[in-house]
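One structure is given here, and the rest of the page talks about it.
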Amino acid sequence: MRLIAVSAYFILLVLPCIGCQEKRRDAELLKYAAYSKRDSAQLELNLFERRFHGKLRFYRPGGEIDSGEIQGNIKKDTLIGDYYYIPFGWGQKKRRPLVLLKKGSQYILGTGTEQVYMGIPHYIPSTISFQQAKYVFTASAH
């Protein structure tokens with residue numbers, strides 16, 4: 001009888017944890033590229049049901065590279081999170097807000113008015129815009 005009670009308790013404890021794990025939408029790393037005049041950018045994404053993470057690099061003339069990690073939440077067709085990067089490839093890491101809009105097979109990098117709350121930068125939601133975007137990411141060859 002005691003064995004049945006312990007088994008039932010274990011099942012009730014483990015099953016909710018198994019059900020909470022997020023499943024990957026895609027089994028592979030998604031790669032995108034964007035070009036704007038003399039600048040370019042590369043985006044690598046790992047998408048889950050409600051979260052994303054990956055890498056983002058901006059290449060500018062003169063060999064300047066901003067390279068870092070991205071992470072955040074997925075809300076419908078919008079990815080909202082942070083870009084934690086090293087400017088110019090050296091120095092101290094900086095954190096900036098990031099917002100991407102999925103439109104068809106492309107991702108559009110949005111802008112907005114930045115605000116810092118409790119040390120975390122984010123865009124004020126009413127100021128986010130995808131009009132006149134500098135970078136529109138399209139799928140690149142692997």
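The values are calculated or read from the model by the stated rules, or taken from the named source; none is laboratory data. Since the model is a prediction, treat every value here as computed from it, not as a measurement. So basically every Cβ, Gly included, is an ideal-geometry build from the backbone, and we count neighbours across all protein chains shown. Accessible surface areas use protein heavy atoms only, side chains included; no ligands, DNA or RNA. Shrake-Rupley method; radii C 1.70, N 1.55, O 1.52, S 1.80 Å.
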**OP:** Can you confirm whether the stretch 120-129 contains a residue that is exposed (fewer than 12 other Cβ atoms within 10 Å of the Cβ) and in a strand (DSSP E or B)?
**Re:** yes
Original post:
Out of all the residues in the stretch 29-79, which are open to solvent by 60 Å² or more (accessible area, probe 1.4 Å), over 27 Å from GLN92 (Cβ atoms) and assigned to a strand (DSSP E or B)?
Top reply: LYS31, TYR35, LYS75
Original post:
Just wondering, is there one or more residues in the stretch 92-100 that are under 19 Å from TYR32 (Cβ atoms), in a strand (DSSP E or B) and open to solvent by 80 Å² or more (accessible area, probe 1.4 Å)?
Top reply: yes
**OP:** Among the numbered conditions (1) farther than 20 Å from LEU29 by Cβ; (2) within 18 Å of the chain's Cα centre (by Cα); (3) polar (S, T, N, Q), tell me where GLN71 comes up short.
**Re:** (1)
Original post:
Quick one: what pairs do we get from the stretch 101-122, first residue under 20 Å from PHE52 (Cα atoms), second open to solvent by 70 Å² or more (accessible area, probe 1.4 Å) and in a strand (DSSP E or B), C-beta under 7 Å, 6+ apart or different chains?
Top reply: SER105/ALA139; PRO121/ARG95; PRO121/ARG96; PRO121/GLU114; HIS122/GLN115
Subject >> The listed residue being closer than 15 Å to GLN42 by Cα and of a type outside the set (Phe, Trp, Tyr), out of THR127, THR138 >> reply: THR138
